[in-house]
Amino acid sequence: MHVSSDQSIVQLAVGERFVAKKELLERVGSGYAYICDQMEKNEFPRPVDYANGPRWLDSEITSWMKSRPRRLVRGDPGAEEKYAKQHALAEASAESRRRSKAKVRRDNVRARAGKSGRAA
C-alpha cells in the first residue's frame with residue numbers, strides 16, 4: 001500500500017482488499033470500543049474513508065494480528081512466575097468473597113434473632 005503525501009489517496013497493492021467493520025470485529029474478536037481505544041493509542045491501523053463507511057486494509061489487520069504477543073504456556077521461561085502471581089490474586093479474591101458472604105450470613109442471623117426477640 002502507498003499513501004500519498006496529502007494522506008487522501010491510497011494506492012492498493014495488487015490483491016489487497018478492504019475489510020468492513022463487521023468483518024473486522026469478527027476477525028479481531030473484540031468489540032468496536034476496544035478497536036477505537038487502540039486506534040486512539042496508535043496501536044491499531046486506522047480505517048480508510050470509503051463510500052459506504054470506514055474500511056480497513058486486510059494486510060494491515062493481518063500484520064496487527066501477527067504482532068500480538070504470544071501467551072505463555074507451562075514450561076515457557078517466565079511462565080511459572082506469571083501464573084504464580086495470577087494464582088495468588090485469584091486466591092486472595094476468592095478469600096475476600098468468602099469473607100464477604102460469611103459477613104452477610106452473620107448479619108442475616110443477627111437480624112432474624114433481633115426480630116424474634118432472642119439474643120444472637
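The values are calculated or read from the model by the stated rules, or taken from the named source; none is laboratory data. Please read all numbers here as calculations on a predicted model, not as lab measurements. Here the Cβ is made from the backbone with ideal geometry for all residues, glycine too, and neighbour counts use every protein chain on show.
Identify all residues within region 73-120 that are farther than 30 Å from residue 23 by Cβ and either in contact with a Gly (Cβ under 8 Å, 6 or more places away or on another chain) or β-branched (Val, Ile, Thr) (or both); write none if there are none. Break it down stepwise before answering.
Residues of region 73-120 that are farther than 30 Å from residue 23 by Cβ, as a first pass: 74-120.
Hits for region 73-120 are 104, 109, 120.
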Sole residue being within 21 Å of the chain's Cα centre (by Cα), among the hydroxyl-bearing types (Ser, Thr, Tyr) and at pLDDT 90 or above, chosen from 59, 63
63
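When region 40-93 is examined, which residues are found to be assigned to a helix (DSSP H, G or I) and of a type in the set (Phe, Trp, Tyr)?
Scanning region 40-93 gives 64, 83.
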Looking only at region 20-58, how many residues end up being touching a residue at least 40 places away in the same chain (Cβ under 8 Å) and of a type in the set (A, V, I, L, M)?
1
